[in-house]
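S.K.: Please find one structure pasted underneath; my questions will follow.
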Amino acid sequence: MHKISNLVILTTIFLAISSLGLRAETSNLTLTLESGSEHRAVLYDAAGDKAVILLHQMGTTAGSWRSLALPLQENGITSVALTILSSHGVNAAAKKLADMGKSDIVLIGASMGGGIVINTLAEGTPVNVRKVIFLAPTNKGPVLSPNLQKLYIVAKDDVYGKGAYSAFETAAEPKRLIEYSGKAHAQTLFSTEHSEDLTRHIQSFINQ
């Protein structure tokens, strides 16, 4: 009797999660580059039409995005965290997401990852990309497209923040800057007291 009750409970939970468009686990995603080579990425799948492509900062890995990707997933937003950072990888991820039916894609780059996003955009906007979010990006030049909404995030005392401010100042409108107290650099902001507010701002920007 207890086994039947447990089965009913588990089935109910599974159906509830499915109805919200959530995926309980991550999975590996294979990206095929124009050269024909393949790269692995980490997929946090969700049922909505919105998705983000995540490029981490130096010294971290794709797994460092978990604290952001999980709450996004819970709210119906798919994430793809790249394991190898390159413009080719960004374009391949955008194409894969478009093939999955994602029509509203956001690029999120932290520090070095933000610099790669800038380089990618200099070559052209990947398919279905509508917005970009930079966490204290390495300044690789201005983002000049007036068709992309841009959000720049930086801690006021970040020792690497000068490049982020310069990237923001030279970027074309529409753009927005969010500043936090402290000196946490890029993704390390998620390990501070600002984590909840930061996640909320990112999610709001994706959904607007």
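S.K.: Listed residues Gly89, Gly101; which is more than 30 Å from Tyr165 (Cα to Cα) and in contact (Cβ under 8 Å) with a residue 40 or more places away in the chain?
M.R.: Criteria check complete, one pass: Gly101.
S.K.: Is it the case that Tyr165 is within 20 Å of Met112 (Cβ to Cβ) and without any contact (Cβ under 8 Å) to a residue 40 or more places away in the chain?
M.R.: Here the answer is yes, as Tyr165 does meet what is asked.
S.K.: Let me ask something additional. Would you confirm, using the coordinates I've provided, whether Pro137 is of a type outside the set (Asp, Glu), part of a loop (DSSP other than H, G, I, E, B) and closer than 24 Å to Ile77 by Cα?
M.R.: Yes.
S.K.: If I filter the range 180-191 for residues that are surrounded by fewer than 15 Cβ atoms within 10 Å (Cβ to Cβ), touching a residue at least 12 places away in the same chain (Cβ under 8 Å), in contact with a strand residue (DSSP E or B) (Cβ under 9 Å, 6 or more places away or on another chain) and among the polar types (S, T, N, Q), do I get at least one hit?
M.R.: There is at least one residue in the range 180-191 that is surrounded by fewer than 15 Cβ atoms within 10 Å (Cβ to Cβ), touching a residue at least 12 places away in the same chain (Cβ under 8 Å), in contact with a strand residue (DSSP E or B) (Cβ under 9 Å, 6 or more places away or on another chain) and among the polar types (S, T, N, Q).
S.K.: Count, please, the residues in the range 166-182 that happen to be of a type in the set (Asp, Glu) and in a strand (DSSP E or B).
M.R.: The qualifying residues number 1.
S.K.: Does at least one position in the range 183-198 carry a residue that is more than 23 Å from Val80 (Cβ to Cβ), modelled with pLDDT of 95 or more and assigned to a helix (DSSP H, G or I)?
M.R.: Yes, because at least one residue in the range 183-198 is more than 23 Å from Val80 (Cβ to Cβ), modelled with pLDDT of 95 or more and assigned to a helix (DSSP H, G or I).
S.K.: Moving on. So if I check each of Tyr152, Tyr180, Tyr165, which one is over 21 Å from Val106 (Cβ atoms) and either hydroxyl-bearing (Ser, Thr, Tyr) or at pLDDT below 95 (or both)?
M.R.: Exactly one residue qualifies, and that residue is Tyr165.
S.K.: Within the set of pairs 6+ apart or on separate chains, which have a first residue in the range 123-145 that is closer than 22 Å to Glu34 by Cβ, a second that is assigned to a strand (DSSP E or B) and of a type outside the set (A, V, I, L, M, F, W, C), and C-beta atoms under 7 Å apart?
M.R.: Sorted first by the residue in the range 123-145, then by its partner, the pairs are Asn128/Asp104; Val132/Lys150.
The values are calculated or read from the model by the stated rules, or taken from the named source; none is laboratory data. Please read all numbers here as calculations on a predicted model, not as lab measurements. Reconstructed Cβ throughout: ideal geometry from the backbone, glycine too, with neighbour counts over all protein chains shown.
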